[in-house]
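Computed from the coordinates by the stated procedures, all read-outs in this text should not be read as laboratory data. Worth saying up front: this structure is predicted, and the values here are computed from it rather than measured. Cβ atoms come from the backbone with ideal geometry, glycine included; neighbour counts cover every protein chain shown.
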Amino acid sequence: MRRWGVIAACLLAAACGGTGKKATPVDDARLAAAADEPGSWLTHGGTYEEQRYSRLDAINDGNVGKLGLAWSHAFDTNRGQEATPIVADGVLYTTSAWSKVYAFDAKTGTLLWEHDPEVPGETGFKACCDVVNRGVALYDGKVYSGTLDGRLIALDAKTGALVWSEVTVDQSKPYTITGAPRIVKGRVLIGNGGAEYGVRGYVSAYDAKTGKPAWRFYTVPPGPGAPA
């Protein structure tokens, strides 16, 4: 499963290269119409419906046996790779273990930038299922990612520079983040992990421009006698 995650990234890069058109910002309208861009992969599941279906037809039963490697990249870790890459305007964005974020030229595989959020090593003991990360969100010139130690970060999509960072969990408790954020109407949605250790799960929303908290919804009811 993890090995296929790396192979899929390479195949996606081969199929989803740049279109030659002038890049337009990934905004609400573009995300809502993501199905109309089969050469891109703008959000985690492909579209808001998250069907994970691609209409690309360059690879078919007549040529699949002739496929070869377009390019590859060796991450500096032997830990799990579970991210779904995001592809827009000829750039592929993905993550690796320890919440590191990368941007590549989708056609050539050239590394454009990388960002290491420097997750403390001891955080790994809180992760039930390895120190993996499952991807990013792209919106309005920024790349958003959750970190294993519970931060939500926004990076400049062109340079990888940190724009803002917000702690979304009580870091004294065994919370983690491995899932990819989602973008809805200018807000970044992120959940958390750790229920196997007894923490109370929730989904939070943050302003995509500033990182200001917008709302929080608890998916697990409070325990007996606990405040709501």
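In sequence order, the stretch 118-129 has phi-based couplings of 6, 5, x, x, 5, 4, x, 5, 7, 7, 5, 9 Hz under the Karplus curve 6.51 cos²θ - 1.76 cosθ + 1.60, θ = phi - 60°, and Gly or Pro positions carry x.
In the chain, the longest principal axis of the Cα atoms and the axis of helix 2-15 are about 40 degrees apart. Around the Cα centre of the stretch 2-218, unit charges on the Cβ atoms of Lys, Arg, Asp and Glu (plus for the first two, minus for the last two) sum to a dipole of about 180 debye.
Only helical DSSP H runs with n ≥ 4 go in: add -39500 (n - 2.57) per run for the chain, normalise by residue count and round the 222 nm mean residue ellipticity to 500 deg cm²/dmol. Each step should come with its number before you reach the end.
Details: 2 runs with 19 residues, N = 228.
It lands at -2500 deg cm²/dmol.
Could you tell me which residue out of 90, 48, 121 lies farthest along the dipole of the stretch 2-218 toward its positive end? Charges go on the beta carbon: Lys and Arg +1, Asp and Glu -1, centred on the Cα centre. Checking the options against the dipole of the stretch 2-218, the answer is 48.
Phi angles across the stretch 91-103 convert, under the Karplus curve 6.51 cos²θ - 1.76 cosθ + 1.60 with θ = phi - 60°, into 3J(HN,Hα) values of 10, 10, 10, 8, 10, 10, 4, 6, 6, 6, 10, 9, 10 Hz, Gly and Pro given as x. Label-to-label distance for residue 125 and residue 67 is 4.2 nm, based on points extended 7 Å past Cα in the beta-carbon direction.
Using a simple spin-label model with pseudo-atoms 7 Å out from Cα toward Cβ, residue 156 and residue 170 lie 3.7 nm apart.
Computed from the C-beta positions of residue 74 and residue 209, the FRET efficiency with R₀ = 25 Å rounds to 0.10.
If R₀ is 45 angstrom, what is the calculated FRET efficiency for the pair residue 53 and residue 114, using the beta carbon separation as r and rounding to 0.05?
On the way: r = 30 Å, r/R0 = 0.66.
Step by step, r from the Cβ atoms, then E = 0.90.
Amide H contacts of residue 149: 177, each under 5 Å away and 5 or more positions distant or on a separate chain (H built 1.01 Å from N in the peptide plane; Pro and chain starts excluded). What the phi angles of the stretch 56-73 give under the Karplus curve with 6.51, -1.76 and 1.60, with θ = phi - 60°, is a coupling list of 4, 10, 5, 9, 9, 5, x, 10, 4, x, 9, 5, x, 6, 7, 6, 8, 9 Hz, glycine and proline written as x. With 32 Å as the limit on Cα-Cα distance, the pairs of 66/185; 107/212; 100/185; 66/158; 100/209; 126/209 that go past it are 66/185; 107/212; 66/158.
Contact order for the chain, expressed relative to its length and based on alpha carbon pairs under 8 Å spaced 6+ residues apart, stands at 14 percent.
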